[in-house]
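The values are calculated or read from the model by the stated rules, or taken from the named source; none is laboratory data. In this text the structure is predicted, and so the values were computed from the model without any measurement. FYI the Cβ positions are ideal-geometry reconstructions off the backbone, even for glycines, and counts take in every protein chain you see.
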Amino acid sequence: MNPRSKVLLLIPHLGGGGAEQVTALVARNLSSTKYEVHLGLITQADVDSDLMPPSVRLHPLGAARVRWGIWPLLRLVWRLKPHVILSSMAHLNLQVLLLRPLFPRRTRVVVRQNGALFPAQARGDTSGYMRLLYKLVYRRADCVVCQTRAMAEEIARELRIPETRLAVLPNPVDVETIRAQAEAAPGDGAHWPGPGPHLLTVGRLSLEKGFDLLLSALTTVRERLPTADLTILGTGAEEARLKAQCRQLGLEEAVTFAGHVYRPAEYFRAASVFVVSSRHEGLPNAMLEAAAAGLPIVAVPSSQGVADLLGHEPGAWLADEISSPALASTLLAALTSLHPGERFPHAFIREFALDRAIPAYENMLDVVLAGCRFNQSARAA
């Protein structure tokens, strides 16, 4: 019997945003007969082992910041000598690829691109240095995992990485668990301040998530639907500014900042629509989870991947542009056409279910471990 391949997955910590949750879900579900699975947690000092199955070995490194985890990470890699490393966040990806020459010689490295390649370019402040750094270090990867074909095309074009080293893989979504959590959740009275309609959004409180656009749009929506309210799940650096904007707009009673919620699906049952307001986005996992529960989705075209997925989908409304007026108009179109509690099957979510997404990741790992390259037929859809 062949020995199992040793796989080291890396994230800053458990319980974070979509990228961390995707990696944790991959770790939980990779075949324990094919792989010896390790999960490195760069900024986490301790961890409840019950959060992972016994087949996943946890390695909390306890660095104060990702960039200060260089030496603990190098020690971990040399101690484990993994066959392949999978890193899943942009700043951690850069660090891992910069360190690659110091890893054991046969170590393969895969990085997963979890968002826009140059997110700052939307604000015109991407430095030439950062663009050059990406171009130099991303070429060190044996494989770059992309969430959408549009993302893969951008990386191939901007970084001059051959398509034979790009894999387009669906984000794994635990569809059945999300549906069960949503169905078991309490009704309107538990989480929502009034009769609704209830708008729900999830994400880090940061400029790129566009929650300021959503708050401005909500003022327009409430001119037609005065009892409409919004709940935002997440934390981040922009929280104080967003709360100040609520006060300026007179929305204090209509907007709830619920903070970090371990199970967002508990809010799905009574939500009227799920909103994606991001200025730029890869393929938000929170949106996929909402789709798994059948929620109507209203979004701005924050990426080509989002636009391609939702553009002609029943139960999804896509704004013409990324702006508050466009978002407000699209929200009103959705809310005035929906029946209370209406849900949709969202057929596209099938490709993200665990029984499809995890085999796609395992196929990618096997190709990388074999030292092969990807071709059109081998790349996941």
Next on the checklist: So, Ala333, is that one assigned to a helix (DSSP H, G or I) and crowded, with 18+ Cβ neighbours inside 10 Å or not?
Outcome noted: no
Checklist entry - Can you find a residue in the range 299-312 that is assigned by TED's automatic domain parsing to the domain that holds Gly196, free of Cβ contacts under 8 Å to residues at least 24 places away in the same chain and more than 20 Å from the chain's Cα centre (by Cα)? => result yes
Checklist entry - Only one of Leu327, Leu318, Leu295 is over 13 Å from the mean Cα position of the chain (by Cα), surrounded by fewer than 22 Cβ atoms within 10 Å (Cβ to Cβ) and aliphatic (A, V, I, L, M); which? => result Leu318
Item to check | Meets criteria (among the charged types (D, E, K, R) and over 24 Å from Gly16 (Cβ atoms)) for Arg222 | outcome: yes
Next on the checklist: Condition check: in contact with a strand residue (DSSP E or B) (Cβ under 6 Å, 6 or more places away or on another chain), of a type in the set (D, E, K, R) and on the phi < 0 side of the Ramachandran plot. Does Arg4 satisfy that?
Outcome noted: yes
Item to check | Residues of the range 12-45 satisfying the condition of being more than 30 Å from Thr201 (Cα to Cα) and acidic (Asp, Glu) | outcome: Glu36
Item to check | Single residue of Arg131, Arg79 found to be more than 21 Å from Gly305 (Cα to Cα), out of contact with any Lys or Arg (no Cβ under 8 Å at 6 or more places or on another chain), of a type outside the set (A, V, I, L, M) and at pLDDT 95 or above | outcome: Arg79
Next on the checklist: Tell me yes or no: at least one residue of the range 363-375 is within 30 Å of Arg269 (Cβ to Cβ), not in a helix (DSSP H, G or I) and not charged (D, E, K, R).
Outcome noted: no
Checklist entry - Within the range 116-133, can one find any residue that is in contact with a His (Cβ under 7 Å, 6 or more places away or on another chain), closer than 22 Å to Leu207 by Cβ and in a loop (DSSP other than H, G, I, E, B)? => result yes
Next on the checklist: Kindly evaluate Gln21 against the criterion of being surrounded by 15 or more Cβ atoms within 10 Å (Cβ to Cβ), within 19 Å of Pro72 (Cβ to Cβ) and in contact (Cβ under 8 Å) with a residue 12 or more places away in the chain.
Outcome noted: no
Checklist entry - Ser278 passes all but one of (1) out of contact with any Asp or Glu (no Cβ under 9 Å at 6 or more places or on another chain); (2) polar (S, T, N, Q); (3) assigned to a loop (DSSP other than H, G, I, E, B); which number fails? => result (1)
Checklist entry - Would the range 283-297 turn up any residue that is at pLDDT below 95 and not in a helix (DSSP H, G or I)? => result yes
Next on the checklist: Can you name every one of the strands (runs of 3 or more DSSP E) wholly within the range 185-267 that holds 1 or more residues which are without any contact (Cβ under 8 Å) to a residue 60 or more places away in the chain?
Outcome noted: 229-233, 255-259
